[in-house]
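Asker: Quick one: the structure is below, questions incoming.
The values are calculated or read from the model by the stated rules, or taken from the named source; none is laboratory data. In this text the structure is predicted, and so the values were computed from the model without any measurement. Counting neighbours? That spans all protein chains shown, and the Cβs are built from the backbone with ideal geometry, glycine included. SASA here: full protein model, heavy atoms, side chains in, ligands and nucleic acids out. Shrake-Rupley method; radii C 1.70, N 1.55, O 1.52, S 1.80 Å.
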Amino acid sequence: PDDREKVDLYMKAAELYVGKFANQAEAVKAYEAVVAIDPENATAIDYLRQMYEKRRDWEKLLGLQRREAEGLPAGAERAQKFLEMAKLATERVKKPDVCIELWNEVIASDDSNPEALSALSVLFERSKEFDKLATVLEKQAEITYDAAQKIQILNKLGTIYGDRLNNDEGAVGAWRTLLTLD
């Protein structure tokens, strides 16, 4: 019943699995049990991170990293962690809902992060979430200073508003802004 004793026993079991039996799968299970009881255990976290990377178990690695990032106070370090996780998810996991959730965490820390906005626009377009895509495109148009890129974004935004969302007011606003540029 004592958590400290449980952690000690799981740690000994994990060390035996790694050292004596060379059974990494059982060692991973033991270290996962340690982290479930003691989420701050650095030895278990380091071992699990290495094994998840080695086995290419990206979802478990992301879960481990998320737990670590959520323990950080709001600020640049936390934002950087979520940015790294979002990139990993986009490159490796390829599950749109997971990627969108992580990129939204990046946006929560830095609402004008160009990399996050770009990734979200691609993900929302693929998943045909045009209302969210329009919001992202508006933000991209707002923060983009390159005229050619801004024209491209506004063109897409006007088309999305007009053709997909039947929002004439939004389309007119996008087209007017486009006309002032070009």
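Asker: Does the stretch 1-100 come out rounded, prolate or oblate, given a ≥ b ≥ c as the square roots of the eigenvalues of its C-alpha gyration tensor, rounded meaning a/c under 1.5 and, failing that, prolate meaning a/b above b/c?
Answerer: Working: a/c = 2.81, a/b = 1.59, b/c = 1.77.
Oblate, because a/c is 1.5 or more while a/b does not exceed b/c.
Asker: Okay, next question. At a 1.4 Å probe radius, carbon and sulfur cover how many percent of the accessible area of the chain?
Answerer: 49
Asker: Give me the distance in nm between label points sitting 7 Å out from Cα along the Cα-to-Cβ direction at residue 20 and residue 164, one decimal.
Answerer: Result: 5.9 nm between the two label points.
Asker: Given a 1.4 Å probe, how much area per residue of the chain is accessible, in Å²?
Answerer: Values: 11010 Å² over 182 residues.
Normalised by residue count, the accessible surface of the chain is 61 Å².
Asker: May I ask you to list the lysines whose Cα is less than 17 Å away from that of residue 156, ignoring any residue fewer than eight positions away on the same chain?
Answerer: 128, 132, 139
Asker: In addition: Mind checking which lysines have their Cα closer than 19 Å to the Cα of residue 6? Skip sequence neighbours fewer than 8 apart in that chain.
Answerer: Reachable lysines: 29.
Asker: Please give the contour-minus-distance gain from residue 57 to residue 148: 0.36 nm per residue of separation, less the Cα-Cα distance, rounded to one decimal in nm. Don't skip to the answer; put the middle values down first.
Answerer: Numbers: separation 91, 0.36 × 91 = 32.76 nm, distance 4.05 nm.
Length gained between residue 57 and residue 148: 28.7 nm.
Asker: Using a simple spin-label model with points 7 Å from Cα along the Cα→Cβ vector, what separation in nm is obtained for residue 12 and residue 67?
Answerer: Taking the simple label geometry, residue 12 and residue 67 are separated by 2.3 nm.
Asker: So if R0 is 35 Å, what FRET efficiency would residue 37 and residue 94 give, r being the distance between their Cβ atoms, rounded to the nearest 0.05?
Answerer: After rounding to 0.05, the efficiency reads 0.65.
Asker: Here's a follow-up. If I model a spin label at residue 175 and residue 4 as a point 7 Å from the Cα along the Cα→Cβ vector, what separation in nanometres do I get?
Answerer: Simple spin-label model gives 7.2 nm for this pair.
Asker: Taking the convex hull of the Cα atoms, report for the chain its projected area averaged over all directions, in nm².
Answerer: 13.1
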